[in-house]
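The values are calculated or read from the model by the stated rules, or taken from the named source; none is laboratory data. From a predicted model like this one, the values you see are computed outputs, not experimental measurements. We place every Cβ from the backbone using ideal geometry, glycine too, and count neighbours over all the protein chains shown. Side chains included, ligands, DNA and RNA excluded: accessible areas come from the protein's heavy atoms. Shrake-Rupley method; radii C 1.70, N 1.55, O 1.52, S 1.80 Å.
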Amino acid sequence: MSHTVLVCDDAIFMRTMITDILAQAGFEIVGEAETGSQAVEKYRELKPDLVTMDIVMPDMGGIDAVREIVKQDPDAKILMCSAMGQQALVVEAIQAGAKDFVVKPFQPSRVLEAVQRVLG
Amino acid sequence: MDLSQYAELFLAESREHLTACNQLLLEWEKHPSGLAPVGGLFRAVHTVKGMAATMGYARVTDLAHRMESLLDLLRRGAHPATDELLQLLFRARDALEHAVELSVVGRERELEVAEIVADLDHAASRMAPGGGPHSPGGRATPSTPPRPDSPVELEPAPGRLVQVTLRPEAPLKGGRALLVVKKAQGLGAGGDEALGSGARVEPGAAGVLEGGGRSRHIRVALRRLDGLMDLIGELVTARGRLNQLAAERRDPAIDDLAIQVSRLSSDLQAEIIQARMTPVWQVFDRFPRLVRDLARELGKQVAFRVEGKEIELDRAILDELGDPLMHLLRNAVDHGIEPASERRRRGKQPEGEVVLSAARERASVAITVTDDGRGIDRAKTLERAKRDGVVDPHADTLTHDQLLRVLARPGFSTAETVTSVSGRGVGIDVVMTRLRALGGTIDIRSEPGKGTSFALRLPVTLAIVRAIIASVGSERYALPLTYVAETVEFGTVKTTVVEGREAIVLHDRVVPLVHLRRLLGVTQDAPPPRSPIIVLEMGERRTGVVVDGMLGQQEIVVKGFDAPAGTLPVFSGATIMADGVPALILDAGGLL
Amino acid sequence: MSDAGVVRLLLFRVGTLVCAADAERVREILPRLETTRIPGAPPPVAGLVNVRGTLITVVEGWRALRQPEPPASNGTHHGTTVLLEVGGGRKVLGFTVDEVVDLLALSAEALDRRQALPGIDPTLVRAVGRRAGQLFVVLDTDALLTPILSS
């Protein structure tokens, strides 16, 4: 059975692209979220195997969302997707409980590598 | 991965964010100490940057990055808006928009961004206190612009540049730099490094993404909706034929089926029309910036208000409205609103008001542009109208309609007539032409010293309308019900003559008549003695259209056709009747 | 025209003229369809027809080429409608002809450059060819049809 993924990014463009990359590799995209609070809500509802999480999103940022999700489920597997120039925030996200991160612009191979690492 | 398939999505979403930037900048300008707009701006620009980087548009990425850096500083420092900053950010936003548009069409190389980049960097360096802002992760300033010395060399390989600057007073600089490099390499970064005063890490370019991909988004391209609409149109036509057939056969089974098909296709049609509906804010949202810039340029004080933003129109109509509305708003600010000093002299508030509003009216939507400016000088316009022969030389007033007709004369220069500044007529003909093509109309109200208001009336959807099918000789024409007020019979109402035109008196009002036979040059047969008159109404204007007969009402699918040179300007399109033969659609605006 | 100097032409007759159009411009060949008059349009325009849900303006061939009116052309005509792409394929117009004669593929050298011919406006002629001993004119369909449409 394929792994389920929740894709969180405020840009449809990014969600589309991540979804395409992962779907191509056989993952099942079960949901998308465009704000941090939506991500938390959808996580609760869908219990995906993996979450990809943007850092800068309106309403609730990605790092706060990671904290919330990890509070609910300490085993949550979250992959941060950050833009360049956010290294400091990435560290914060890892401290908050994210497992790994990839940096935009994405290279499909890097994304898949990171996903495999996170899923262990 | 073929990135070109994402270009359209990139463009659409970037445009949205750039429009949002305008709104946020305007908001910040209004409330300079507010913090929310800066945060929003940062997020919007950040998102554009991320998308551009993914698309491999290095220059867009670079420009967005520099803008983001400045915004980040402003955000962290809770810096209030200054006029200088706002001007810079407006300019940067426009440059970014230009960059996005050019990149998508493969012309990124033509971009000239050196000046705006330098200005952004300059502002950022002045904003940063001492050795730069403190980011939560440490002393590094991750948002410092990459390679300020040679920004243009950034293309075309997409990559991420991280410049880490160590403060001069930091101890163990060499060691720290090495740590940074090691850490970066651990993250998969390669590239050159320059140790010493600082360290530079240039990760390998992300390169062209590989592999194919299935697009999965909720947006539906307009052409898809158009395609659906065409199909539904055919279905509606086929339904008409089926109904006709059922009526001939008198078979209850076929009847039942025809009724069921009718219902289903109506539902389907309603759904698709609904899917095409778009709130007017999608076009209105670009105007606050336009009005602001124009007022600024002209040194006027203008408060701009938008009402009814949520009112919906067919996407195809809405897309055509941008230019006409821009024209009218320009006119309002340029020619309507007086300078503050003049307003004070006249006992008005120094700040003029321009209102753009949308409201639903029966089967149409009214969009008005109103200003509280000086109004149109009727006496002078009347003089001009007499000279041009638009009105009777002995007329002593101009009705609103006549005023509009004068203003809408192509190339009408009102430099001497309307205001001492320049004309108001300029462009009204363009607006009218566009509206007519959409099956809409325009009305004007103007009070000297109090202001001017233009009201545009548009059908809610272009695609399918209910229409009266009228016969003239052996020909059939469709008249959309949108503007039909009532129908009467010739001979049952009093006729009179007004300004040389035949007219009827209806509800104590004079309604001029148009004989369709004469207008369309139909000569066969004789008209019936009691011709029906279809009374069209648009705002205050009414016209009675005399036809030979009425064949009934039905839903028609509006289609365009390539009108040959010389075609009478009274058709808004054509439709296909139940028997498969085309019929032209009469345009109420053209007949009035 | 197509590769290696080969031209494909659709030959048709309008009145006494045998004409040809670049076959790549021919979208479709249909029987004569019922037209709806367009008030105000110039005389060569026959009107609008419905081609499977798309409305197409049809030009009466004999009028456009100043040929005598075909004998049976009252009410229900015989004849054929050729759908032609105009202006680089942006628009499609119908063009009525008396009959379609042939579809030819010939080398470009077999055609003579435009020349004056009796009975036809030389600006409408792109080239002249010969088939079975009979002359035919290759029409510049853009030059013929664009002025009618331009509005």
Notebook entry, point to check: In peptide B:518-527, what is the residue-averaged number of other protein chain Cβ atoms found within 10 Å of each Cβ?
Noted result: 1
Item checked: Long-range amide H partners of B:VAL514 with built H, under 5 Å -> B:GLY544, B:VAL545, B:VAL546
Check: Roughly what % of DSSP beta bridges within chain C run antiparallel, to the nearest 5?
Finding: 90
Check: From the square roots a ≥ b ≥ c of the eigenvalues of the alpha-carbon gyration tensor of chain A, which class results: rounded (a/c under 1.5), prolate (a/b over b/c), or oblate?
Finding: rounded
Notebook entry, point to check: Which one of B:LEU398, B:LEU458, B:SER357 is farthest out on the positive end of the charge dipole of the stretch B:280-459, using unit charges on Cβ (Lys, Arg +1; Asp, Glu -1) and the Cα centre as origin?
Noted result: B:LEU398
Check: R0 = 22 Å: FRET efficiency of B:GLU234 with B:LEU264, Cβ-based, nearest 0.05?
Finding: 0.90
Note to self: Can you sort B:THR495, C:THR16, B:THR278 by solvent-accessible area, 1.4 Å probe, largest first?
What the structure shows: C:THR16, B:THR495, B:THR278
Margin query: For the stretch B:1-74 and the stretch C:13-72, what is the centre-to-centre distance using only Cα atoms, to the nearest Å?
Written below: 54
Check: Counting Lys +1, Arg +1, Asp -1, Glu -1, what net charge surrounds B:GLY521 among other residues with beta carbon under 11 Å of its beta carbon?
Finding: +2
Next item on the list: Return the average number of partner chain Cβ atoms within 10 angstrom of each residue Cβ along peptide C:28-41.
Entry: 5
Margin query: Counting only other residues whose beta carbon sits under 12 Å from that of B:ARG541, what net charge do I get with K and R as +1, D and E as -1?
Written below: 0
Note to self: Using the Cα centre of the stretch B:269-353 as the reference point, and only Cβ charges (+1 on K/R, -1 on D/E), how large is the resulting charge dipole? Debye, rounded to the nearest 20.
What the structure shows: 620
Item checked: Shielding by partners, peptide C:50-56 (average Cβ within 10 angstrom, other chains) -> 6
Item checked: Global geometry of the stretch B:437-592, whether rounded, prolate or oblate, following the gyration tensor of its Cα atoms and the 1.5 cut on a/c -> oblate
Next item on the list: Would you mind counting up the charge near C:LEU10? Only other residues with Cβ under 10 Å from its Cβ, with Lys and Arg at +1 and Asp and Glu at -1.
Entry: -1
Notebook entry, point to check: Going by a ≥ b ≥ c, the root eigenvalues of the Cα gyration tensor, does chain C fall in the rounded group (a/c under 1.5), the prolate group (a/b larger than b/c) or the oblate group?
Noted result: prolate
Notebook entry, point to check: So how exposed is B:HIS17, as accessible area in Å² (1.4 Å probe, rounded to 10)?
Noted result: 40
